[in-house]
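The block underneath contains the structure these notes are about, expressed in structure tokens.
Throughout, read-outs are computed from the coordinates displayed, never taken from laboratory work. Only a predicted model underlies this, so the values are computations on that prediction, with no experimental measurement involved. Here Cβ is always computed from backbone atoms with ideal geometry, including for glycine, and neighbour counts include all displayed protein chains.
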Amino acid sequence: MTGRELASHAERLVSVGARDAELMRALAAFLILVALGASSSAASLRIVAFGDSATAGYLVAHDKAYPAQLQAALRKKGYDVNVENAGISGDTTTGALARFDSAIGPGTQIAIVEFGVNDLRRGVPRSRVHTQLAEIIKTLRARGIQVMVIGLGRLDLSGVAGANGALYQQWILPRGKYRAGDGQHFNAEGYAILVARMLPQVESLMKRISPL
């Protein structure tokens, strides 16, 4: 091989090496972006609002129900959090136990539990409501999930919540101004008031998971 041929071959090798190095740099940059995106997603705290129509937001727009308003309020304060609405109108503690695994997915860190009113309307004994609610809370706690229980109106569930290591919030608002068209369920303004009341407790649960 002549000197000129050797020089030409060397130039080609350098060119290939440069292209390979550029490709490697591009690949490394891509993998870093993917890793950052995965890290950001993994860091998002997951809250599930688990309840009946008062959770689902019956007669209000989805983004005005309390789970959406709670998410917005937390994000406004700088928290990286997702609040999932797992409310179903008409649901009971029995229904909650039946759909527990589908509602409380992997990665759930906080559950806000709101059931019981529909049980009583259907004649279910209060003692059974308490027993089944306790089972829901215990199952959540066994999975390492922090829990808040909501009692609606005159339904006081504070004893069940306290006995099972859950925080408690009583939802009581006057009829009229803060009610939806049926006069029973909450409207967007009512939910905003309830979210403001429960926000400090939700933050305290978040701090139990990791210092924020």
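Quick one: if the Förster radius is 25 Å, what FRET efficiency do Ala163 and Asn82 give, using the C-beta to C-beta distance and rounding to 0.05?
0.25
May I ask you to order 102-115, 138-151 by the average number of other C-beta atoms within 10 Å around their residues, highest value first?
Final packing ranking: 102-115, 138-151.
What is the sum of charges, Lys and Arg at +1 and Asp and Glu at -1, for the other residues whose Cβ falls under 15 Å from the Cβ of Ala142? Before the final figure, lay out the partial values.
Working: positive: Lys138, Arg141, Arg143; negative: Asp101, Glu135.
Neighbourhood net charge equals +1.
Only loop residues by DSSP count here, and only those with at most 14 other Cβ atoms within 10 Å; note down the trypsin sites (Lys or Arg not before Pro) in region 170-212 that meet that.
Listed in order of number, the matching sites are Arg175, Lys177.
Given R₀ = 22 Å, FRET efficiency for Asp63-Ser102 by Cβ-Cβ distance, to 0.05?
0.45
How are the C-alpha pair distances of region 44-209 spread across 5 Å bins, as whole percents from the shortest bin up?
Bins of 5 Å from zero give 2, 9, 20, 24, 22, 16, 7, 1, 0 percent of pairs.
Among 123-135, 83-95, how do they line up from the highest to the lowest mean number of other beta-carbon atoms within 10 Å?
With the highest mean Cβ count within 10 Å placed first, the list reads 83-95, 123-135.
Once R0 is set to 30 Å, what does the formula 1/(1 + (r/R0)^6) return for the Cβ-Cβ distance between Arg122 and Tyr178, expressed as a FRET efficiency to the nearest 0.05?
Result of the calculation: an efficiency of 0.70.
Using θ = phi - 60° and the Karplus form 6.51 cos²θ - 1.76 cosθ + 1.60, what ³J(HN,Hα) does each residue of region 122-128 get, whole Hz, x for Gly and Pro?
9, x, 6, x, 4, 4, 6
Go from 0 up to the bin containing the longest alpha carbon distance in region 162-212, width 5 Å each, and give me the % of pairs per bin.
4, 19, 21, 17, 14, 12, 9, 3, 1
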